[in-house]
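Undergrad: Supplied in structure tokens, the structure appears directly below.
The values are calculated or read from the model by the stated rules, or taken from the named source; none is laboratory data. If you're wondering where the values come from, they're calculated on a predicted model, not measured in any experiment. Cβ sites come from the backbone with ideal geometry, for glycine too, and all protein chains shown count toward neighbours. Surface areas here come from the heavy atoms of the whole protein model, side chains and all, with no ligands, DNA or RNA. Shrake-Rupley method; radii C 1.70, N 1.55, O 1.52, S 1.80 Å.
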Amino acid sequence: QQTTMAAGDPAEPLLDPEEEELRRPRSLCGQIFGCLVCLAFIPVACLGLCCCAGASAADSAVNKARGRRWDRTQNKWVIDRLEEEAAEVEKLPKDDEDILKASNEDEPAAAAAGGGGAAVKDTEYYDVLGVPTDAPEPKIKKAYYIQARKWHPDKNQSEEAKVKFQAIGEAYQVLGDEKLRAVYDREGKDGLSGDKTEVAMEQIDPSLIFTFLFGNDSFDDIIGRLQLVTQTLVGGSPEAENFPKKQMMELERRRVVRLAVALRNRIQLFVDGDEDGAKAQWTSKGEELVEVRYGEQILNTVGTMYKLVSTEVIGSWSEGMDAKAQAMGMQIDAAKNAAVAAQTQQKAAQEGGTEEDALPSMIEIMWNITVIDISSTIREVVMKVLKDQSVSSDVRKKRAKAVQELGTIWEGQKKKVTDGKEQNVRNMYMSATNAAMEATLEKMKKEEAKQATNLD
């Protein structure tokens, strides 16, 4: 291979920097679990090769000579123009409802009533929610929310509402749990125990638990909506065949552009010349973020990626290559850790372990997938800011220095007080669950208010 510098960007130190991005799979869960065989039997260096092929050196050279870079989010060569992209994304719904809402539309016939579907002994619970007996979990979940909003005691204080709301909750507690649903389908209500409260937690949106567990809400303008959350929102399964890959890529593109705008704004004070003022702001912000759940880990990961990617751009050739190797190493280590945790979880299940026993491994898997997601997305975000052709080369260099300084600060910030209880996996999970439950109730109330306004 030959070193090829992008036109108009003499600081580019990398050898074909886009090749690694082409090798990264689009689906995070697919990267972790689909490559378990590679991780177990082939040297870890194969991680980037087992799912995707790299670009040719000749193709990279030609496009880079034209001032382009490979955008992993869009899977094509691009010339970054942040101002134009930001203006376009600004016109779109901030919650991406135009895509997410469409992905969860129920089939009209299925939403009307609970008839039809698979043969079961008792259809009462299906009738209560108004879904067919073969309804998938996302449809049952949505039906529950619709019925719960309609008959919630805060909205309807009649005796009928109280009875129906209780019936709706009981139906969802059973149908929302795979094991209980199987028993109910086979034996009816007589096959269930009287106490079903142990599965009430299933009423909570899993994406909310994940969000609160990893502090994503506090990091919204830094890491955005994590891909595991997006995958949950579009149907609960990362392999959901009914959701076009093109739309998933579009959601990620919007995420990157929004985060790039936020990063550009965050470093603007430094670029304008007030370096001390900018550093003071970054330090203060970091001190807040490290105190949230998993905040220290997330902030340090972001800081590390800011440093490494900016070093790729403004460092020497050897510094750039070393930084790129470190960034790739973070993803490989995370993939290995997730694979080990998955094997541990599977072994525990085979040995008859409880769900609580599997909790540490489950969270370890989620966290390492999150590391891969964050590191990959942050790289695209930083590149978009530092390769922005809508500003001068001098401004791009100042931005690179600013991102590097910001990364140095955030990489090293730690919690002031380490609470041993907070580090307990179950305590963190239950705390996140409680927060998600409160958020779910608040969301339901807002949707009820919105629905009432529309009716008026």
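Undergrad: Hey, if you put +1 on the Cβ of every Lys and Arg and -1 on every Asp and Glu Cβ in region 347-413, which of 407, 382, 392 ends up farthest toward the positive end of that dipole?
TA: Of 407, 382, 392, it is 392.
Undergrad: Same structure again: So if we plug the beta-carbon distance of residue 183 and residue 346 into 1/(1 + (r/R0)^6) with R0 = 22 Å, what FRET efficiency do we get, rounded to 0.05?
TA: Efficiency, from the Cβ-Cβ distance: 0.35.
Undergrad: Ok, one more. Add +1 for every Lys or Arg and -1 for every Asp or Glu among the other residues with Cβ under 11 Å from the Cβ of residue 188, and state the total. Show your work: numbers first, answer last.
TA: Numbers: positive: 121, 186, 189; negative: 122, 124, 185, 187, 190.
Around residue 188, the charge tally is -2.
Undergrad: Go ahead and run the numbers for FRET between residue 83 and residue 150, Cβ-Cβ distance against an R0 of 56 Å, rounding to 0.05.
TA: Numbers: r = 46 Å, r/R0 = 0.81.
That gives a FRET efficiency of 0.80.
Undergrad: Pairs 76/246; 179/246; 245/397: which are spaced more than 24 Å apart, C-alpha to C-alpha?
TA: On the way: 76/246 13 Å; 179/246 34 Å; 245/397 35 Å.
Where the Cα-Cα span goes over 24 Å, the pairs concerned are 179/246; 245/397.
Undergrad: Right, next: Which distance in nm do the two modelled labels at residue 160 and residue 416 give, with both placed 7 Å along the Cα-to-Cβ direction?
TA: For the pair residue 160/residue 416, the computed spacing is 5.6 nm.
Undergrad: Kindly rank 263-274, 359-370 from highest to lowest mean number of other beta carbons found within 10 Å of each residue.
TA: My ranking of the peptides, most packed first, is 359-370, 263-274.
Undergrad: Next question, about the same structure. I'd like the accessible area for residue 317: 1.4 Å probe, protein heavy atoms, all chains in place, Å² to the nearest 10.
TA: 130
Undergrad: Let me ask something additional. At 1.4 Å probe radius, can you tell me the per residue accessible area of region 259-333 in Å²?
TA: Numbers: 2980 Å² over 75 residues.
Solvent-accessible surface per residue comes out at 40 Å².
Undergrad: Placing +1 at every Lys and Arg Cβ and -1 at every Asp and Glu Cβ, with all other atoms neutral, what dipole size does region 260-411 have around its Cα centre, in debye to the nearest 20? Let's see the in-between values first.
TA: On the way: 17 positive and 23 negative charges, 155 e Å.
That gives a dipole near 740 debye.
Undergrad: Further, regarding this structure: For residue 247 and residue 397, calculate 0.36 nm times their separation in residues minus their Cα-Cα distance, and state this gained length in nm to one decimal.
TA: On the way: separation 150, 0.36 × 150 = 54.00 nm, distance 3.36 nm.
Computed gain between residue 247 and residue 397 is 50.6 nm.
Undergrad: Which order do peptides 165-171, 177-183 fall in by mean Cβ count within 10 Å, highest first? Could you put the intermediate results ahead of the total?
TA: Values: 165-171: 18.9, 177-183: 14.7.
Result, highest mean Cβ count within 10 Å first: 165-171, 177-183.
Undergrad: How much of residue 309 can a 1.4 Å solvent probe reach, expressed as accessible area in Å² and rounded to 10?
TA: 0
Undergrad: Evaluate the distance, in nm, between pseudo-label points positioned 7 Å from the Cα of residue 91 and of residue 121 along their respective Cα→Cβ axes.
TA: 5.8
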